[in-house]
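The values are calculated or read from the model by the stated rules, or taken from the named source; none is laboratory data. Here the structure is a predicted model, which is why all the values come from computation and not from measurement. Cβ sites come from the backbone with ideal geometry, for glycine too, and all protein chains shown count toward neighbours. Surface accessibility is based on the protein's heavy atoms, side chains included, excluding ligands, DNA and RNA. Shrake-Rupley method; radii C 1.70, N 1.55, O 1.52, S 1.80 Å.
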There are 2 protein chains.
Amino acid sequence: MLKTNHRTKTCGELTINDINEEVTLCGWLHKSRDLGGMTFIDIRDRYGITQLVFNMETNADICNKARSFGREYVIKATGIVAERSNKNLKIPTGEIEITVTDIEVLNVSKLPPFTIEENTDGGEEQRMKYRYLDLRRDNIRKNIELRHKMAQQTRIYLDGQAFIEVETPVLIKSTPEGARDFVVPSRMNQGEFYALPQSPQTFKQLLMVAGFDRYYQLVKCFRDEDLRADRQPEFTQIDCEMSFVQQEDILNMFEGLVKHLFKTVKGITIENLPRMTYDHAMKHYGNDKPDIRFEMKFVEMNELVKGKGFKVFDDAELIIGINVKGAADYTRKQLDELTDFVKRPQLGATGLIYMRHNTDGSLKSSVDKFYNEDELKNWSAAFNSSAGDLILVLAGNTDRIRKAMSELRLEMGNRMGLRDKDTYAPLWVLDFPLLEWNEDSKRWHAMHHPFTSPKPEDISYLNDVPGSVRANAYDMVINGVEVGGGSIRIHDKDLQKKMFQILGFTDEDAQAQFGFLMNAFEFGAPPHGGIAFGFDRLCSLFGGSDSIRDYIAFPKNNSGRDVMIDAPSPIAEEQLKELNIQLRSAK
Amino acid sequence: MLKTNHRTKTCGELTINDINEEVTLCGWLHKSRDLGGMTFIDIRDRYGITQLVFNMETNADICNKARSFGREYVIKATGIVAERSNKNLKIPTGEIEITVTDIEVLNVSKLPPFTIEENTDGGEEQRMKYRYLDLRRDNIRKNIELRHKMAQQTRIYLDGQAFIEVETPVLIKSTPEGARDFVVPSRMNQGEFYALPQSPQTFKQLLMVAGFDRYYQLVKCFRDEDLRADRQPEFTQIDCEMSFVQQEDILNMFEGLVKHLFKTVKGITIENLPRMTYDHAMKHYGNDKPDIRFEMKFVEMNELVKGKGFKVFDDAELIIGINVKGAADYTRKQLDELTDFVKRPQLGATGLIYMRHNTDGSLKSSVDKFYNEDELKNWSAAFNSSAGDLILVLAGNTDRIRKAMSELRLEMGNRMGLRDKDTYAPLWVLDFPLLEWNEDSKRWHAMHHPFTSPKPEDISYLNDVPGSVRANAYDMVINGVEVGGGSIRIHDKDLQKKMFQILGFTDEDAQAQFGFLMNAFEFGAPPHGGIAFGFDRLCSLFGGSDSIRDYIAFPKNNSGRDVMIDAPSPIAEEQLKELNIQLRSAK
């Protein structure tokens, strides 16, 4: 199947069973070694590496020719498959070599600016500039292959569940709600602009109105945001929507997808995919995307510690602790490090209190002045601590202290080796608040988006206590990373109208921006809901990496630049004129 | 599998085997008929239509309720499957009906602006504006389902041939060569612009340099061209590239794809997929995308007819005719119509000459004054005509007359019923010229694109007779429609440089626009080539339609507008400011 007019075999397929066969291989010169009378060349293609051998005694011409080739030359070698005397059992082709009878250079190569090896000597910037060389590296290519397999298996699962992949448009309409749009000036409609989609949200809802019942798409989305590390201006979603469903239907369907991907791509059976409410996650992990590969849950200590004269605790809104199993031997220096960690401005804790449950059974805290041994025994009981454990405690304002403790918990998880990247613990987080108060704009914002439905039993609170209304919204979290999220949508036009009012839209604004969706809802919208997964993130998670860039063939850097092709770039005045736009003077 | 918390079955699956089962269906009220004591409602979802029955005698409440529902209401009905007395064997569910015990309105609907039927009463503009209603029509939904199936089968075939689907970026760099780019102002790099890709051409070549060996992608591409009927500013390609291949490898691989699609999607076995050179196609069909569902090939008549005193022929560069089998009974009026047809300005022929081979065997031409019966016998022999045939002849400048005759041939094919849309005749057209002279710019243009390789045996003509150099380029043509095209690329940097010179690029221009590709070619580019298929067009062809819009879920109109969402549209001054651009004053 991989045979072409240039090659009979690839560099990854020959084994001991092919001895004496005449073959022609094509590929890149990976490595070359001269050993006196012999020269060995490793030839590499996407499928593997095969050793070519040249002998000065039997064929000096061809051996000399081979010796003149540099790294990354594209070569075509014909020869006979022979058994190797010095076998390399680490690679599939390691038992054979090719005794070359004819060799040809298909293309020369300058010396690459970095080595084409798993542990390359190339820096980030060089590798981005010469991405086509970086992609030759085995590990990077395997990432892209993993991505392909993830896409394949996603499609296989969803096709099997009667989803239809529908392409939604890329040139759409700008809506000020949400993140910033990339816009595209229209030449044919001057003074007007298309926007690139931040997601196909409204189109997939329209497909449900259209009766498509089950839709999906692996789709590029765009956000013109200031890029944090590992954000890309263009990214890919697995975007899905279903009709005539309730939340339970969506959870089951996409639990199925995640299990299918783990099974088929990683060979991992996910037995258990727990569900947790948002409130529970915040209380026990301080975080709406808890990493549940390890326990170390929050213990709330207010009743245990208040009223003993320790002002820090007495004044605190909330006191929480975690039990770090087996860390009682932490030194003063290590504890100081942790104190510095939680006092960093982004966490903002005022200090760290601890209690050691020593290996001799004794209990020793940093606040012994206020808490005697009996009281520490109560601490121990509350944390279910045993000899060798370390209790870490933070106190302060609820939101801030939960956030700080969440970070501390993850840090301790790392330090104690509890966050193995080959262990996967997915879960659903449910019952998110529908709205969150925004101090800057002094109005309620949709926590997911304005189309998310409130829980029916909470609708009556919408007017008076909007902050307490829960949404039919759910996130899929794996190992502390939110990989997907969605909701059951509003399908009733009156409720949708009310939501826009609560979010501070005038009727005119709502009509101007989402009129087409509201109009569609007049013509029989079915109950529907859906989800979107961040595909780049999901791939990097499956690949065991923190960097999504390694899973994108041609990523952009943190300034949104593609340094390989040098984009964006100035365009011709003529182009600007045709679009009837001009640059403003420099700021 | 299609069961949800709202429904137990879909509207397309119940048969006589389900009699007496209690079911719950959800869907749209398609039709309603009151027959005195009975009411029948057809409920519709993506999967089909099921008849609901309500009886005033047995359940007046529910029957009255049902009678109050309007068309396109979203309803949920529970009842018992019963055998129909009046069976409709045309639909899968036609033997049963549901005796409804409970019915609920999930959503109301205003009366749609047009009927949701295959033959709708909605005009084009209404249907575009309410596309979500248009998509409810069975035939339009089936088009989108066909498209999904085409995409699935394309992926199955290419995955099976070890192709990797790689996503290439959408925000790239503007290049003045080729069609006009859509551009995207960059906020983070002010004064600079991204461009949307007209195709992933350079990226797929870089993937070959990167050693990916076999790449494909179903990918959105963008061209800011003035839209002719059935052109869309955004369109989808099946984009492919392979390494270490020669033309023959590509032809075989994608012949395989086309056969696979016909087999799996249409159930048609393509036995024969002929190949034809460009020269042959031009000579015999006057067209580089010949419709070979029917013969009616051109016969060149210069030697046959010149020198007999007929000035039109004597002065003509080329005289060609076609034999329209069985059209000898064409009336004077019909022949006048054909004359008008070829004299239209876009064809520009000066007149039409004909010869009837009458059913009595006599030969009668419109130029009897110049050609006697013996000479007409020679015509008959040249065309292999028999009683009942009509020979149509045009004379003039080669290019123009071939084009006119090609149109006339297609017209006669239509009139004679030779272009059955359920018959498929794919072929390869090969050996295109590498370059074509452009009178406006007074320079050579690449017929495909600047990366197309010349045939090795023709390279020596590049300097002196560039117009005679043939390219390693090929088009896949089906029923007179070019559905795909590609080439073996240049992989040698010196040859690529020479090509840019011939195309009139300065070294600086070439470097500025394609520098990254030329640089990549310095580091070991393998021999490679590829193809791209127009996916929208391919789908419409498989669907038997001329309109690609019917195969796009949310198409744009001829002004590039999405009239449903009203895009493009003006954007806020604040957005323009952030991008550091402004509108020019109105022209």
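Multiplying the residue separation of residue A:293 and residue A:414 by 0.36 nm and removing their Cα-Cα distance gives an extension gain of 42.5 nm. Taken about its Cα centre, chain B carries a charge dipole of about 920 debye when Lys and Arg each add +1 at the Cβ and Asp and Glu each add -1 at the Cβ.
Accessible area per residue for the protein assembly as shown, computed on protein heavy atoms with a 1.4 Å probe, is 40 Å².
Ligands, DNA and RNA left out, the accessible area of the range A:361-514 computed with a 1.4 Å probe is 46% carbon and sulfur.
Structural descriptor for the range A:60-205: relative contact order 14 percent, calculated from alpha carbon pairs under 8 angstrom and at least 6 residues apart.
The mean count of C-beta atoms from other chains within 10 Å of the C-beta of residues in A:555-566, rounded to a whole number, is 4.
Label zone of residue A:189 (point 7 Å out along Cα→Cβ, amide N under 18 Å): in the range B:129-165 this covers B:129-132. A Förster distance of 22 Å, applied to the separation of the beta-carbon atoms of residue B:574 and residue A:583, puts the FRET efficiency at 0.85. Taking every DSSP beta bridge that has both ends in the range B:16-107, the antiparallel portion is near 95%. Label-point spacing at residue B:498 relative to the other copies reads 7.6 nm, in ascending order, each point sitting 7 Å out from Cα along Cα→Cβ.
Distance between the modelled labels on residue A:333 and residue B:228, one decimal in nanometres: 7.8 nm (7 Å Cα→Cβ projection).
With the whole protein complex present, residue B:140 retains an accessible surface near 10 Å², based on a 1.4 Å probe.
Per-residue mean of foreign Cβ neighbours for B:141-151 is 3 (Cβ atoms of other chains, 10 Å radius).
Counting Cβ atoms of other protein chains within 10 Å of each Cβ in B:37-47 and taking the mean gives 2. The phi torsions of the range B:301-316, fed into the Karplus equation with coefficients 6.51, -1.76 and 1.60 and a -60° offset, translate into couplings of 10, 3, 5, 6, 10, 6, x, 10, x, 8, 4, 4, 6, 4, 7, 7 Hz, rounded to whole numbers, with Gly and Pro shown as x.
Distance from the C-alpha centroid of the range B:140-193 to that of the range A:218-277: 22 Å, rounded to the whole angstrom.
The equivalent ellipsoid that matches the C-alpha gyration tensor of the protein assembly as shown spans semi-axes of 59, 44, 29 angstrom, in descending order. Membrane-span-like helices of chain A, defined as complete DSSP H segments with a Cα extent of 20 Å or more along the helix axis and a mean Kyte hydropathy of at least -1.0, are identified as A:247-261. Inter-part distance, the range A:40-55 to the range B:418-468, computed on C-alpha centroids, equals 38 Å.
Rounded to the nearest Hz, the phi-derived 3J(HN,Hα) couplings of the range A:440-450 under the Karplus curve 6.51 cos²θ - 1.76 cosθ + 1.60 (θ = phi - 60°) are 5, 8, 6, 8, 6, 10, 6, 5, 8, 7, x, where x marks glycine and proline. Both radii are taken from the alpha-carbon atoms of the range A:43-101; with Rh as the Kirkwood radius, Rg/Rh is 0.96. With its label point put 7 Å out from Cα toward Cβ, residue A:373 sits 13.7 nm from the same residue's point in the other copies, in order from shortest. Amide H contacts of residue B:236 (H built 1.01 Å from N, in plane; Pro and chain starts excluded): B:221, B:535, B:536 sit under 5 Å, all sequence-distant by 5 or more or on other chains. What is the list of residues in the range B:332-353 whose amide nitrogen lies under 11 Å from a point 7 angstrom out from the Cα of residue B:364, following Cα to Cβ? Inside the label zone: B:332.
Just need log10 I(q)/I(0) for the range B:294-415 at q = 0.23 Å⁻¹, Debye formula, equal scatterers on the alpha-carbon atoms, no solvent, rounded to two decimals. Each listed q maps to, in turn, -1.55.
In this rough spin-label picture, where each label sits 7 Å from Cα along the Cβ direction, the residue B:162-residue A:306 distance is 6.9 nm.
With contacts taken as Cα pairs under 8 Å at a separation of at least 6 residues, chain A carries a relative contact order of 12 percent. Taking the Cα centre of the range A:16-107 as origin and assigning +1 to Lys and Arg Cβ atoms and -1 to Asp and Glu Cβ atoms, the resulting dipole is close to 440 debye. Taken over the alpha carbons of chain A as equal point scatterers, the Debye sum produces base-10 log I(q)/I(0) values at 0.07, 0.12 Å⁻¹ of -0.62, -1.25. In chain A, helical runs assigned H by DSSP with n ≥ 4 each contribute -39500 (n - 2.57); averaged across all residues and rounded to the nearest 500, the mean residue ellipticity at 222 nm is -8000 deg cm²/dmol. Solvent-accessible area lost on pairing B with A (1.4 Å probe, both sides summed) amounts to about 11900 Å². When chain B is described by a simple charge dipole with +1 on each Lys and Arg Cβ and -1 on each Asp and Glu Cβ, the residue from B:16, B:382, B:326 located farthest towards its positive end is B:16. Using the Cβ-Cβ distance between residue B:507 and residue A:68 with R0 set to 25 Å, the FRET efficiency works out to roughly 0.25.
Can you list the residues of the range A:1-36 whose accessible area drops by at least 10 Å² going from the chain on its own to the full set of protein chains, with a 1.4 Å probe? The answer is A:1, A:2, A:4, A:5, A:6, A:7, A:26, A:28.
Were the residues from residue B:99 through residue B:340 laid out at 0.36 nm apart, the gain over their Cα-Cα distance would be 80.5 nm.
With its label point defined 7 Å out from Cα along the Cα-to-Cβ axis, residue B:577 lies at 3.0 nm from the matching points of the other copies, in increasing order. Solvent exposure of residue B:407, expressed as accessible area, is near 70 Å², computed with a probe of 1.4 Å over the protein chains only. Charged side chains reduced to their Cβ positions (Lys and Arg at +1, Asp and Glu at -1) give the range A:294-415 a dipole of some 240 debye around its Cα centre. The 3J(HN,Hα) values that the Karplus relation (6.51, -1.76, 1.60; θ = phi - 60°) gives for the range A:473-481 are, in residue order, 10, 8, 10, 9, 10, 10, 6, x, 10 Hz. Gly and Pro appear as x. Placing unit charges on each Cβ (+1 for Lys and Arg, -1 for Asp and Glu) gives the range B:294-415 a dipole about its Cα centre, and among B:401, B:342, B:352 the Cα reaching farthest toward its positive end belongs to B:342.
Under a crude label model (7 Å from the Cα following the beta-carbon direction), how far is residue B:78 from residue A:463 in nanometres? About 3.2 nm separates the two model spin labels.
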